[in-house]
1. Considering only Thr96, Ala85, Thr208, whose Cα is most displaced toward the positive end of the charge dipole of the chain, charges sitting on Cβ of Lys, Arg (+1) and Asp, Glu (-1)?
2. Treating the beta-carbon of each Lys and Arg as +1 and of each Asp and Glu as -1, no other charges, what is the dipole magnitude of the stretch 3-262 about its Cα centre, to the nearest 20 debye?
3. With the cut-off at 1.5 for a/c, could you classify the stretch 87-221 from its C-alpha gyration tensor as rounded, prolate or oblate?
4. Under a Cβ-Cβ cut-off of 15 Å, what is the net charge of the residues other than Thr29 that fall near it, where Lys and Arg count +1 and Asp and Glu count -1?
5. If amide H atoms are built 1.01 Å from N in the plane of the peptide, which residues on other chains or at least 5 residues away come under 5 Å of the amide H of Gly261?
6. What whole number of Å gives the distance from the Cα centroid of the stretch 29-71 to the Cα centroid of the stretch 335-370?
7. Between Ile62 and residues 5 or more places away or on another chain, which pairs have amide H atoms under 5 Å apart, with H built 1.01 Å from N, and which residues are they?
8. What's the exposure ranking of Met314, Met266, going from fewest to most Cβ atoms within 10 Å?
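Only the coordinates and a few stated rules stand behind these numbers; no lab work does. Being a predicted model, the structure only gives us computed values, none of them experimental. When we count neighbours, we look across all protein chains shown, and the Cβ atoms used for this are built from the backbone with ideal geometry, even at glycine.
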Amino acid sequence: MRVANDGTLQSVGGLDIGVGTGGFANAGTTYAAGNLALHSRSTGGYTADVGGLLESGGALSITGNGTSVLNVADGGTVVGDTLSASLTRIALAGGTRGGTLSSAGNMTVSVGSLTLADGKSAVIGSKDSARLGITTLNVGGALVNNGLLFSGNDLAVNAPSIVNSTDGTSGGIAALRNATVRATTGDLTNRGALYAGHTLTASASAGTLTNVATAAGFQGTIDAGAQVDLQAATLVNHSTIHSEGGISIAATTFRNEVPGGDTRRMGTESARTAGATSYTKESGHTESGRGAGDYEVWRTPTTWSNDQEYASAMPANKPQVIGNGLVDVRFTSGSNLRGTISGGTVTLTGVGTGATFVNDDLALKHFAYTQVSEHQIYWAGLADAAFKYRDDNVTGAVTTVTTSNAVGGAGIFAGTLNGSNFALTNNGATQPVSAAKAGAAVGTAAAAAPTRS
């Protein structure tokens, strides 16, 4: 039997609604001044469709046996002073106003699947910032968020894998205090906004944390008012990571790089041009001590060149890791490709043996080649006669001169810059801000990153 409410179902106290397999449809208003419980009447599951208002002035509890689903339609609202839900699936529709799940105090949601259709869909927990509370979302399957996951206090989001925005036009995970976002077994991909008013912690301990941008511009943003803590097996930043305080990054592989990374390749080689031939005659050569002889050489240089090119257009925006305090990055393999890493203090630390870091502005290189061909004749004197005893054609080695086109390139800037336990390849800037402003020369490759101040 289906429970349907198109009008008003109200209680001045508590309200208990047991739902059978026929389900629950609420297009009107269901309200309890006290606690409200929506639950299964039997071992079977149910589907609850909320297109109107489902509200509790006290604790709102939504539970279901079997395969139980809560669908909140466009314009539908499910709200409680506190809210707890344990179901197979919650789906929040998009549209004009979207579907909303909210609470003034604590919210705990445990579901197999949570879907937010677009930017109008929202989970808004712990709205009353005067009450210390937490909104906890535990999702058993992959979480794809195209809406808003928000807490007026603390927020914790846990799922095997997380995609925050599929297209970069929506998708926010935010808290006014602390936010923790964990992909427990897979990847964390951010094309939207991750934000915390205080500390933001995001991790993909067994996967890749990617802060996405495209060649056209930034998409994902990671921001905090006090501290950003990021941890992953692989961390790739194409966009912006910013903290008013410090930033801590721990990843086996760390890549702060433009989308596509290093796409430089050799272009089309120029035509080879032979230069003027020079002639040299030298005396003093002897063959077996028999008289004087000459050594004659004709030298002809050949020159050509080649220029690197990008396989695809270089994005105008540079990836950024910028903190006002300590920016601490720990890695086994690290790179900063045409990006910026900046902080009051920047500390780079290699983890394990063989750690490496590459700082490269991805400047295009020009290669100028020269090769000299020689025609050599050796003459030997025998009494008053002379004869040619050797006539050689020798091609010399290729000499290469490389120059780089200056770009506004990769930089690691700090009031104090520290580095240890890694081999550094530097084709960009690693220097204190004061030195950079003064135009001081930048470093080159080093066996290990020194400590600079």
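1. Final value for the positive-end residue is Ala85.
2. Charge dipole, the stretch 3-262, about its Cα centre: 240 debye, nearest 20.
3. Rounded.
4. Working: positive: none; negative: Asp6, Asp49, Glu55.
Counting the neighbours of Thr29, the net charge comes to -3.
5. none
6. If you average the Cα positions of each part, the centres end up 55 Å apart.
7. Amide H neighbours of Ile62: Leu38, Ser84, Ala85, Ser86.
8. Sorted ascending by nearby Cβ count, the order is Met266, Met314.
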